[in-house]
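Everything on this sheet refers to the single structure shown next.
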Amino acid sequence: MKSLTTILAIESSCDETSIAVIENGISIKSNKISSQMKAHQAFGGVVPELASRMHAEKIHILLNQALKEAGIAIQDIDAVAVTAGPGLEGSLLVGLTMAKTIAVMLDKPFLAVNHLHGHIYANFLTGTPPVFPFVCVLVSGGHTMLVLVKNHFDFQFLGSTRDDAAGEVFDKVARVLDLGYPGGPIVEKQASEGNPKAFNFPKAMKHRGYEFSFSGVKTAVIQQIRDLQAQGAALPVPDLCASFQKAVIDILLLKALKACDEFQVKGILLSGGVTANKTLRQAFQDACDKRGYHLYVPPFVLCTDNAAMIGAAAYFQYQTFGTASPLTTRANPNLPICSLEQ
Ligand code: KG4
Ligand code: ZN
């Protein structure tokens, strides 16, 4: 099997357009990211039609920038990889169309990648590749799940959220407090000046296996805000944010450690946009230090959506299965983690 040394990777599943050049699955030659955050801010969330239009406007510019920064011509790539799902259908289509066109034009292998695998493989771009097995905590705007990763592409799904994703509740709490979008970084900033013990928000599903539920904590925060407003009290925004953030982190940590115990695993890997949260990273680091576990955390730029992680996942996908994906692969908005899109 020929190794695919240089992979051109494309990501356009949500509100970041990104193109990267990755070498040997672990080395980033370029990783250009164009965020649409500002455009969606006015609407308080991602507007799908606007997102696909903006991807189409930016993607060619990013392709040229990514190749230039990597110092290669498009003919020099060994394969082209792209996110096929999950994500917004119209947005996914923009990346898929470009990737398929390049693959046909240059007669190179086409690799369709699961976005969730990308978040996990962001951790292989750090210089210290994770050692299998480990428990993966995947927390983003669209997903919250625990996965036992036994080897490359050997995933055992443990559980996910029954309702809102962790990032989604950060965004919703920020919206209720009128703090702006996306909520995660703003809530984190407010929380840094608050008391996490000021309010005792519920940690739902504490005893329910590896399932999560975040709509309860969201409702509890909203109710607390209403109660305070009804009393005519000024809102203690930092305390509300810190207590809410603690409730989310505590339950994620509790279940991740439970999984480590049950499956005799001594490594935890964090992935997805919410793991950009410094308090969350510190809480996991402290718990891992205490137990002698290894914590794998991607650098901040690789926590949120980017094409480098898609290139890394594509490389190991090809190494593991030895096959490219058919050009008939379609965008799949609901692709689950255990599905290998190829
Ligand atoms: O992985 P990601 O970029 O996109 C998805 O695939 O969903 O994650 C975006 C989510 C948003 O909900 C955002 O509010 C959250 O990650 N996020 C954070 C932080 N930075 C981003 N949540 C908490 N703390 C942060 N610092
Ligand atoms: Zn993502």
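Since every read-out is calculated from the coordinates, none of them should be taken as a lab result. Being a predicted model, the structure only gives us computed values, none of them experimental. Counting neighbours? That spans all protein chains shown, and the Cβs are built from the backbone with ideal geometry, glycine included.
List of remarks:
- Principal-axis tilt of helix 237-263 within the chain, Cα atoms, nearest 10 degrees: 60 degrees
- Under the criterion of Cα pairs below 8 Å and six or more residues apart, the relative contact order for the range 80-195 equals 14 percent.
- Cα long-axis angle, helix 89-106 against the chain (0 to 90 degrees, to the nearest 10): 20 degrees
- Computed from the C-beta positions of residue 193 and residue 5 and an R0 of 45 Å, the FRET efficiency is 0.40 to the nearest 0.05.
- Rounded to the nearest 20 debye, the dipole magnitude of the chain is 460 debye, with +1 charges on Lys and Arg beta carbons, -1 on Asp and Glu beta carbons, and the Cα centre as origin.
- Applying 1/(1 + (r/R0)^6) with r as the Cβ-Cβ distance of residue 69 and residue 157 and R0 = 30 angstrom yields a FRET efficiency of 0.25.
- Label-point separation, residue 178 to residue 338 (7 Å along Cα→Cβ), nm: 4.6 nm
- Listed by Cβ neighbour count within 10 Å, with the fewest neighbours leading, 132, 43 appear as 43, 132.
- Debye-sum result for the chain in log10 I(q)/I(0), which assumes one identical scatterer on each alpha carbon, at q = 0.08, 0.09, 0.13 Å⁻¹: -0.37, -0.47, -0.95
- Selection among 185, 219, 121 by position relative to the dipole of the chain gives 219 as farthest towards the positive end (Cβ unit charges, Cα centre).
- With an a/c value of 1.5 or above and a/b not larger than b/c for the gyration tensor axes a ≥ b ≥ c computed over the alpha-carbon atoms, the range 85-161 is described as oblate.
- Against the chain, whose longest principal axis is taken from its Cα atoms, helix 215-230 shows a tilt of about 40°.
- Using a Förster distance of 41 Å, the FRET efficiency for residue 230-residue 38 (Cβ separation, nearest 0.05): 0.70
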